[in-house]
Amino acid sequence: MPLNIRSEEVNQLAEKLASRAGVSKTEAVRLALTNELGRREESLADFLAKIKPLQDALAAYPATGLKADKAFYDSLYED
């Protein structure tokens, strides 16, 4: 399905990238989208790697078997 870009700013950015990369505007848009998606996937992978130690630390605590239901939460706020 074709992509119709109506934004003059986006069109100019695509032209600028295409010119600098020596490719067509279509290829420039494909390149930009591919790079952005890759950057976001890498960012997510970095985030998951950073929180892995926290997840492991929480998983190391034994399950208490206690049920945290509405009555439990209500009891936390009683005077």
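Here are some notes:
- Hits in the range 1-34 - residues which are loosely packed, with under 11 Cβ neighbours inside 10 Å and part of a helix (DSSP H, G or I): Glu8, Glu9, Gln12, Arg20, Thr34
- Sole residue being at pLDDT below 95 and either over 31 Å from the mean Cα position of the chain (by Cα) or surrounded by 10 or more Cβ atoms within 10 Å (Cβ to Cβ) (or both), chosen from Tyr77, Tyr61: Tyr77
- Across the range 13-45, the qualifying residues are those that are among the small types (Gly, Ala, Ser) and within 14 Å of the chain's Cα centre (by Cα), and the one among them that is farthest from Pro2 (Cα to Cα) is Ala45.
The values are calculated or read from the model by the stated rules, or taken from the named source; none is laboratory data. Quantities reported herein were computed from a predicted structural model and do not represent experimental measurements. Positions of Cβ are generated from backbone atoms using ideal geometry, with glycine treated the same way; all protein chains shown enter the neighbour counts.
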